[in-house]
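In what follows, a structure is listed as structure tokens, so that the remarks can point back to it.
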């Protein structure tokens with residue numbers, strides 16, 4: 001039986017990145033639940049398309065054991081994360097990332113995902129493919145220029161155009 005993934009989508013989310021994960025999971029019968037990193041389930045893509053997620057991130061807290069993997073779908077919210085870090089949904093985000101990471105779950109993401117894993121304190125010593133603009137923020141992991149990195153249970157792609165190079169290995173890990 002396939003592993004189950006919790007997919008986190010920031011607001012606004014990079015639709016191109018998010019939809020690559022969702023399509024691959026659907027085609028490969030990988031069960032997932034989409035959680036909005038927002039105060040409710042309605043979010044937008046960075047191109048303005050409205051999406052209704054299955055739930056909001058607050059409802060994932062305490063249910064981490066129901067999932068085998070976490071996907072962090074990056075977006076335009078990341079450049080201003082520091083300005084909004086104290087918002088309840090971002091506090092929940094950091095708690096959920098930390099819990100999944102400490103439990104050794106499969107951690108997947110692109111763009112600034114590696115940076116967020118580092119901020120959550122779960123990427124110490126890990127090689128992480130991150131967007132060039134996020135590299136300097138990674139302190140305890142090792143930010144690389146590679147198109148993608150797989151380091152133990154961490155699967156990261158530099159940006160959404162690199163997800164296709166990584167997704168086959170993600171699917172293998174989740175089957």
Taking 0.36 nm per intervening residue step and subtracting the Cα-Cα distance, what contour gain separates residue 52 from residue 139 on full extension? 27.9 nm
Can you compute the helix-only [θ] at 222 nm over the chain? Use -39500 (n - 2.57) per DSSP H run of at least 4 residues, normalise by all residues, nearest 500 deg cm²/dmol. -8500 deg cm²/dmol
What percent antiparallel are the DSSP beta bridges of the chain, to the nearest 5? 20 percent
What ranking do 111-117, 141-147 get when scored by the average of other Cβ atoms within 10 Å per residue, highest first? 111-117, 141-147
Using the Cα gyration tensor of segment 27-147, with a ≥ b ≥ c the square roots of its eigenvalues, what is the shape: rounded (a/c below 1.5), prolate (a/b larger than b/c) or oblate (neither)? rounded
If each of residue 91 and residue 175 carries a label point 7 Å out from its Cα toward its Cβ, how far apart are those two points in nm? 4.3 nm
Relative to a virtual label point 7 Å from the Cα of residue 82 in the Cα→beta-carbon direction, which members of segment 1-41 show backbone nitrogen distances below 20 Å? 11-12
Full-extension gain in nm, residue 42 to residue 146, via 0.36 nm per residue minus C-alpha separation: 34.1 nm
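Throughout, read-outs are computed from the coordinates displayed, never taken from laboratory work. It should be emphasised that the depicted structure is a prediction, and the values quoted were computed from it without experimental measurement. FYI the Cβ positions are ideal-geometry reconstructions off the backbone, even for glycines, and counts take in every protein chain you see.
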